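The values are calculated or read from the model by the stated rules, or taken from the named source; none is laboratory data. Not measured: the values here are computed from a predicted model. Cβ placement follows ideal geometry from the backbone for every residue including glycine, while neighbour counts extend to all protein chains displayed. The protein model used for the area step is the full one, side chains on, heavy atoms only, and it has no ligands, DNA or RNA in it. Shrake-Rupley method; radii C 1.70, N 1.55, O 1.52, S 1.80 Å.
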Amino acid sequence: NSQKKKMTVDFLCVNTNCGEVEMEITGKALTMADMVAYQDGSVVSKTLIDKKVGTLTLFSFSSGQGLSEHTAPYDAFVQVVDGEAEITIDGEAHTVKAGQMIIMPANHPHALQAVKPFKMLLVMIRA
């Protein structure tokens with residue numbers, strides 16, 4: 001009798017009505033780009049892990065969407081898994097494409113903009 005772990009996956013949807021879904025993600029080989037869908041005019045997030053020590057969150061951004069400039073108290077690792085983003089850190093714009101990553105340092109202003117639709121994995125380690 002093996003019990004499968006289930007994780008609640010949260011969605012952040014703009015201009016849509018989303019909810020929560022239970023999805024088995026542990027112990028499986030999964031393609032990150034397939035785990036979060038694009039929605040026109042929206043940013044969608046799917047939290048994969050949310051622990052005291054950190055979070056793993058998948059995002060999809062439709063073209064033209066983004067996150068306004070802000071700071072975070074921890075380094076943030078971003079891996080683009082589909083599409084292309086413009087990520088600005090301390091006023092310097094970086095083009096980050098599928099398969100590439102960038103680290104946004106703690107306490108430095110940063111912003112993200114979808115040059116074209118893109119998906120990313122955000123890893124935050126709270127230490």
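The table that follows gives values for the structure above.
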quantity: Residue satisfying condition, being touching a Cys at 6+ places or on another chain (Cβ under 6 Å) and either modelled with pLDDT of 95 or more or surrounded by 13 or more Cβ atoms within 10 Å (Cβ to Cβ) (or both), within set Phe11, Phe61; calculated: Phe11
quantity: Number of positions in the stretch 24-73 that are under 14 Å from the mean Cα position of the chain (by Cα) and in a strand (DSSP E or B); calculated: 18
quantity: All positions within the stretch 74-97 that are in contact (Cβ under 8 Å) with a residue 40 or more places away in the chain, open to solvent by 50 Å² or more (accessible area, probe 1.4 Å) and over 15 Å from Val44 (Cα atoms); calculated: Tyr74, Asp75, Phe77, Gln79
quantity: In the stretch 98-127, residue least open to solvent (accessible area, probe 1.4 Å) [restricted to those that are over 25 Å from Thr31 (Cβ atoms) and not in a strand (DSSP E or B)]; calculated: Ala106
quantity: Enumeration of residues in the stretch 39-52 that are open to solvent by 80 Å² or more (accessible area, probe 1.4 Å) and modelled with pLDDT of 95 or more; calculated: Asp40
